[in-house]
Amino acid sequence: MEKKEHEALKCPLTGGPLKQWFGAPPDKPYLEVKSVVHTTRPYEELSHHAFSIGVIIEGECLFRFDQTDCLVRAGEMVLIEGGRPYSSYSADGGCRSYHLLHLEPSWCLENIEDAPPGHSDMTVIRRVIREPQLFASLLWVLEAVCCDHFYDGMEFGRIIGSLIKSNCRLDKPSRDFSEVHSKINKAREIIHNQVECPMRVMDLARMVGLGREGFIRSFQKSVGVSPGIYQHCVRLLEARRLLGEGASIAEAALATGYVDQSHFHRMFVKFFASTPRQYTLRKSGQQPKE
């Protein structure tokens, strides 16, 4: 019985079986998609720098945010702020299938109609969305990405902008952090230039002229994630780029400052919900086993 249910999952575009996929359209740098099919595997302590939307197409998913559980069923969507840590499990122990799209926050803001100027923070106020027509539209776009088919990027932007406007609060920074922002931007520049040699948070704070605790608070407010998470994100994005260009897993790990490959493996899974090997196989056109 379970096998027949799995076989019933079809791609809306091709009519063929739904496949696990991970990637990003080269002409749309604001979008990245990960799809997972028929998994029972739990994913713990995931996070992504981008604003994320989960589109559940099979089973029941239990998302956990700060010890609070959120049940999302097939046909529903879940909204996740950029940098928000969460875990994902099968609610009933059965299989679940879903797409996750990761969207650059700046692109999201550009597509929100009548967005107030100066507002940069998107806070989710309604996390689980059940709107069949919107669900169908997003599913079609995601399948188009996975199957390398054309889709209307402007219409997609309008859909996402409307979704965020209806279910998120746009916040303005509580006060002017212009001088602090300048120092935070300097810290970000240092992080990007030191990918192969990660720095301690204390050293980063000292280099930009801030105390450790004040630096961490200001960085979190300005960027949306802690300096430690941001540094891992920058390093892992570079590692993933290297893997996509043909570097071995060991080469990518060393080039981004991960001397311990097991640590590299754990962090890659934590940020991308995919092992380095799964990613390299998908980039080469192969479909790794779950």
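Values quoted throughout were computed directly from the atomic coordinates according to the rules given, and no laboratory measurement underlies them. Since we're looking at a predicted model, the values are computed, not measured. Note: ideal-geometry Cβ built from the backbone for every residue, glycine included; neighbour counts use all protein chains shown.
Order 194-204, 133-143 from most to least packed using the mean count of other Cβ atoms within 10 Å. Before the final figure, lay out each step's value.
On the way: 194-204: 14.6, 133-143: 17.5.
Per-residue mean Cβ counts within 10 Å order the peptides as 133-143, 194-204.
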- [ ] Please work out, to two decimal places, the log10 of the ratio I(q)/I(0) at q = 0.10, 0.15, 0.24 Å⁻¹ from a Debye calculation in which every Cα of segment 179-273 carries one identical scatterer.
- [x] -0.27, -0.58, -1.15
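Order 270-280, 66-76 from most to least packed using the mean count of other Cβ atoms within 10 Å.
On the way: 270-280: 19.1, 66-76: 13.4.
The densest-packed peptide leads the list: 270-280, 66-76.
Given a Förster radius of 25 Å and the C-beta distance between LEU62 and LYS172 as r, what FRET efficiency does 1/(1 + (r/R0)^6) yield to the nearest 0.05?
0.15
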TODO: Rounded to the nearest 0.05, what FRET efficiency do SER226 and HIS265 give with R0 = 22 Å and r taken as the Cβ-Cβ distance? Could you check?
DONE: 0.55
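Below 8 Å, C-alpha to C-alpha, sequence gap of six or more: please give me the relative contact order for the chain in percent. All intermediate terms of the calculation are to be shown ahead of the outcome.
Working: 468 pairs, mean separation 49.9, N = 290.
Computed over the chain, the figure is 17 percent.
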Task: Label-point gap, in nm, between LYS186 and LEU134 - each point 7 angstrom along Cα→Cβ - done: 4.2 nm
- [ ] Indicate the gyration tensor shape class of segment 57-167 (rounded, prolate or oblate), computed on the Cα atoms with a ≥ b ≥ c the square roots of the eigenvalues: a/c under 1.5 is rounded; otherwise a/b larger than b/c is prolate and the rest oblate.
- [x] oblate
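How much FRET efficiency would the formula 1/(1 + (r/R0)^6) give for GLU155 and LEU281, where r is the Cβ-Cβ distance and R0 is 25 Å, rounded to 0.05? Mind dumping the intermediate values first?
Values: r = 32 Å, r/R0 = 1.29.
Efficiency computed from Cβ-Cβ geometry: 0.20.
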